[in-house]
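Shown next, in structure tokens, is the structure this report addresses.
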Amino acid sequence: MQERLELIATEAKNELIQDAATLEAYRIKYLGTKGIMKEVFEDFKQIPNEEKKSMGQLINSLKNTLETIYLEKKEELENTSTEQSDTIDYTKPGARVPRGGRHPIHIIKNEMIDIFARIGFTVAEGPEIEDDWHNFTALNTPEDHPARDMQDTFYIKENVMLRTHTSPVQIRVMETQTPPIRIITPGRVYRNETISARAHCTFHQVEGLYINENVSFADLKQTLLYFAKEMFGQNVDIRLRPSYFPFTEPSAELDISCFICDKKGCAVCKGSGWVEIGGCGMVDPAVLENCKIDTEKYTGFAFGMGIERITMLKYGINDLRIFYDNDIRFLKQFS
Ligand code: DAH
């Protein structure tokens, strides 16, 4: 037996261990659960009792030798692998990680949020699936209004629809907060439109709402003028054209002077010198009453603008569809 132990030790010392795989093979062969050491311990049980003490010591010493070889080789291999990493060429130019960017709609949305935040507006959000009350009825939209038509609105079931504008968020905020209220509500809206360069079935709006004591049309006008100048440049002017919305009275269409041709007339403003960017007005008292706001005490203004429209003007984009094509050549220009 003693001879056999010596043989095992010599064999183990001569094993060629040069990488993780041969190291593992060594471990399995000598120290594994079905390995040589295991066999030796099995045989140990058979030897006569008088020899047990001295043999036991020899066996233990063999086990130590085998384990030491394993640990030393292991350490050696680990060290050489760090040595290898020292040979990396640190002057080699790195591989470029492709970098994403924000979508232009989001860039402009964030810019609009920033501009209004500077005059005290905070962001409010509402659901994209709306009920009839918030999307139409509370906004004073009559039963027979064309916007309620199936042809214009995506209905999910009776009285439940994809919101057609961000105005329902006004209602949700007025129902739950007491004035003064000063919010903008950026978000996605849906309309049953045929997709073209100028229309899409999904797009984005930013709604604004200010309710307080003594809010006047002059406040609305000044707020919009401030926004237009911050967004498009200090030379830009605004124009309010009388219009009609069920939820505002009086109502107006908001135009900005064409900053591309400086009011001289070009393709973008179709020769008029002005481009429309949204609607606005004084919140109709009927709407305030629907939200249980005291119309004797409070007045307010509201406005709604299309984010796509503003983004197209800012970046000179003439086809709405490009925002949703996910063409990397287009999107890359904004990163
Ligand atoms: N909700 C209108 C639309 O989608 C836009 C709008 C007009 C919003 C006037 C307003 C407003 O808050 O006062 O066409």
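Could you order peptides 36-48, 120-132 by the average number of other Cβ atoms within 10 Å of their residues, highest first?
120-132, 36-48
Suppose every K and R has +1 on its Cβ and every D and E has -1 on its Cβ; what is the size of the dipole of the chain about the Cα centre, in Debye to the nearest 20?
Numbers: 40 positive and 51 negative charges, 168 e Å.
Here the size comes out at about 800 debye.
Which order do the peptides 88-98, 109-119, 217-227 come out in when sorted by mean C-beta neighbours inside 10 angstrom, highest first?
Numbers: 88-98: 6.1, 109-119: 15.5, 217-227: 17.4.
The densest-packed peptide leads the list: 217-227, 109-119, 88-98.
Quick one: length gained pulling ILE28 to GLU289 fully straight, 0.36 nm per residue minus the C-alpha distance?
85.7 nm
Could you check how much of the accessible area of the chain is carbon and sulfur, as a whole percent, using a 1.4 Å probe?
C and S fraction of accessible area: 50 percent.
Protein chains only, probe 1.4 Å: how do ARG241, ARG329 rank by accessible area, largest first?
My answer, sorted largest first, is ARG329, ARG241.
Taking the Cα-to-Cβ direction at PHE41 and at ASP89 and moving 7 Å from each Cα, how far apart do the two end points lie in nm?
In this crude label model, PHE41 to ASP89 measures out at 5.2 nm.
Within the chain, which cysteines find no other Cys whose Cβ is under 4.7 angstrom from their own?
By the Cβ distance rule, which asks for a partner under 4.7 Å, the isolated cysteines are CYS201, CYS280, CYS291.
Give me the number: length gained by fully extending ARG99 to LYS332, i.e. 0.36 nm times residue separation minus the C-alpha to C-alpha distance, one decimal in nm. The partial results should precede the final answer.
Values: separation 233, 0.36 × 233 = 83.88 nm, distance 0.90 nm.
Going from the current span to full extension adds 83.0 nm.
Keeping every protein chain present and rolling a 1.4 Å probe, give me the accessible area per residue for region 2-83 in Å².
Working: 5760 Å² over 82 residues.
Averaged over the residues of region 2-83, the accessible area is 70 Å².
Defining a contact as two alpha carbons under 8 Å apart and six or more residues distant in sequence, what relative contact order in percent does the chain show? Please report the intermediate quantities before stating the final value.
Values: 484 pairs, mean separation 50.9, N = 335.
15 percent.
Report, in cubic angstrom per residue, the convex hull volume of the C-alpha atoms of region 2-138. List each step's numbers first, then the result.
Details: hull volume 46.4 nm³, N = 137.
Spread over its residues, the Cα hull of region 2-138 gives 338 Å³ apiece.
Do the sum for the chain: with -39,500 (n - 2.57) for every DSSP H run of n ≥ 4, divided by all residues, what is the mean residue ellipticity at 222 nm, to the nearest 500 deg cm²/dmol? List each step's numbers first, then the result.
Details: 11 runs with 130 residues, N = 335.
Here the helix-only value at 222 nm equals -12000 deg cm²/dmol.
Past the 24 Å Cα-Cα mark, which pairs from LYS53/LYS74; LYS109/LYS314; LYS29/LYS74; LYS34/LYS73; LYS229/LYS292; LYS263/LYS332? Numbers along the way, then the final one.
Working: LYS53/LYS74 32 Å; LYS109/LYS314 12 Å; LYS29/LYS74 15 Å; LYS34/LYS73 21 Å; LYS229/LYS292 35 Å; LYS263/LYS332 31 Å.
Listed pairs above 24 Å: LYS53/LYS74; LYS229/LYS292; LYS263/LYS332.
Roughly speaking, what is the stretch gain from GLU128 to PHE217, that is 0.36 nm per residue apart minus the C-alpha to C-alpha distance, in nm to one decimal?
In short, 29.1 nm is gained.
Along the positive direction of the dipole of the chain (beta-carbon charges: Lys, Arg +1; Asp, Glu -1; about the Cα centre), which of LEU254, ASN14, THR194 reaches farthest?
Checking the options against the dipole of the chain, the answer is LEU254.
The values are calculated or read from the model by the stated rules, or taken from the named source; none is laboratory data. What you are looking at is a predicted structure, and each value in this text was computed from that prediction instead of being measured. Don't worry about glycine lacking a Cβ; one is built from the backbone with ideal geometry, like all the others, and counts go over all protein chains shown. Keep in mind that these areas ignore ligands, DNA and RNA; they rest on the heavy atoms of the full protein, side chains included. Shrake-Rupley method; radii C 1.70, N 1.55, O 1.52, S 1.80 Å.
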